[in-house]
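A.B. asks: Pasting a structure here, questions to come.
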Amino acid sequence: MAKKAPSPKPAGKSEVFANIATSTGLAKKDVSAVFDALASEIGKALGKKGTGVFQIPGLCKIAVVRKPPQPARKGVPNPFKPGELMDVAAKPAKNVVKVRPLKGLKGMV
């Protein structure tokens, strides 16, 4: 059996900051501060008092989807043992973060 070639590793945080710093002429500390401010803005928008949606223009839209609680169910067919029924436990309500790509990001790929 032939071995696959190892896939290249994705760029790390410091490598991304260094690449952005060289392309923009800013210091790495300034780039880091911009990313910290962006993370703070995303947190405000997606938090309890925020709108629940944050958009990075041209790249992606980040939204919080609030999922309601799921009640327990009885008598669901077991996919691993045909003919046997199983019980499914209840699930509490939860918040799920969805990231949708926008046209600019789709065009890059």
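A.B. asks: For a quick check of your reading: which strands (runs of 3 or more DSSP E) sit entirely within the stretch 27-109 and have at least 2 residues that are among the aromatic types (Phe, Trp, Tyr)?
C.D. replies: Of the strands (runs of 3 or more DSSP E) lying wholly inside the stretch 27-109, none has at least 2 residues that are among the aromatic types (Phe, Trp, Tyr).
A.B. asks: Follow-up question, since we're still on this one. Which of the residues that make up the stretch 53-76 are out of contact with any Asp or Glu (no Cβ under 9 Å at 6 or more places or on another chain), farther than 30 Å from LEU102 by Cα and surrounded by 11 or more Cβ atoms within 10 Å (Cβ to Cβ)?
C.D. replies: Once the filter is applied, which keeps residues that are out of contact with any Asp or Glu (no Cβ under 9 Å at 6 or more places or on another chain), farther than 30 Å from LEU102 by Cα and surrounded by 11 or more Cβ atoms within 10 Å (Cβ to Cβ), the stretch 53-76 yields only GLN70.
A.B. asks: Next question, about the same structure. For ALA18, are the conditions met, namely being free of Cβ contacts under 8 Å to residues at least 40 places away in the same chain, assigned by TED's automatic domain parsing to the domain that holds GLY104 and surrounded by 14 or more Cβ atoms within 10 Å (Cβ to Cβ)?
C.D. replies: Criteria not met by ALA18.
A.B. asks: Taking the stretch 29-60, which residues are aromatic (Phe, Trp, Tyr) and within 24 Å of SER14 (Cα to Cα)?
C.D. replies: Within the stretch 29-60, just PHE35 meets the criteria.
A.B. asks: What's the number of the only condition in (1) assigned by TED's automatic domain parsing to the domain that holds GLY107; (2) in contact with a Ser or Thr (Cβ under 7 Å, 6 or more places away or on another chain) that VAL64 fails to meet?
C.D. replies: Result: VAL64 passes all but (2).
The values are calculated or read from the model by the stated rules, or taken from the named source; none is laboratory data. These numbers were taken from a predicted model, which means no experiment stands behind them. Glycine gets a Cβ as well: all are built from the backbone with ideal geometry, and neighbour counts include every protein chain shown.
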